[in-house]
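The values are calculated or read from the model by the stated rules, or taken from the named source; none is laboratory data. Here the structure is a predicted model, which is why all the values come from computation and not from measurement. Positions of Cβ are generated from backbone atoms using ideal geometry, with glycine treated the same way; all protein chains shown enter the neighbour counts.
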Amino acid sequence: MDELTEALNCDSWFEFNPLFLQVYSRLRARKAAGGGQEMLRLRMYEKLQNLVQRGIVEKSGKNYRGITAALTAWTEQIAAQHCQRLLEVVKRQQPEVSKN
């Protein structure tokens with residue numbers, strides 16, 4: 001999702017296949033994509049459609065464009081939720097200090 005939102009965080013329109021190839025090459029460059037290119041394509045398409053439904057990505061025919069302000073706000077919200085979950089995990093793992 002990070003690579004997808006990064007690719008869409010410009011004012012350009014993309015058809016799905018060139019967008020997928022861009023994201024896939026970025027993932028391969030950082031060794032985050034192994035085999036299963038078709039599965040990755042399906043997952044990316046699903047995520048892209050979810051972003052369209054949320055109003056974060058604009059769709060015109062077969063072309064997609066990220067809405068920069070909405071993408072920024074959404075990625076900040078996701079990052080904040082991730083930090084919150086990490087804090088909850090850390091709190092659960094800390095032993096409680098008994099008060100005597």
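What number of residues in the range 12-46 are touching a Lys or Arg at 6+ places or on another chain (Cβ under 9 Å) and charged (D, E, K, R)? Of the residues in that region, 1 qualify.
Return the pair list, or none, for Cβ contacts closer than 6 Å from residues in the range 33-48 that are of a type in the set (Gly, Ala, Ser) to residues that are surrounded by 11 or more Cβ atoms within 10 Å (Cβ to Cβ), at least 6 apart or on different chains. These pairs meet every condition: 33/27. Among the residues of the range 1-31, those that are surrounded by 11 or more Cβ atoms within 10 Å (Cβ to Cβ), more than 16 Å from residue 64 (Cα to Cα) and not hydroxyl-bearing (Ser, Thr, Tyr) comprise 2, 26, 27, 28.
Note on the range 15-35: residues that are in a loop (DSSP other than H, G, I, E, B) and either at pLDDT 90 or above or among the aliphatic types (A, V, I, L, M) (or both) total 2. Note on the range 33-61: among residues that are within 14 Å of residue 14 (Cα to Cα) and of a type in the set (S, T, N, Q), the one that is surrounded by the fewest Cβ atoms within 10 Å (Cβ to Cβ) is 60.
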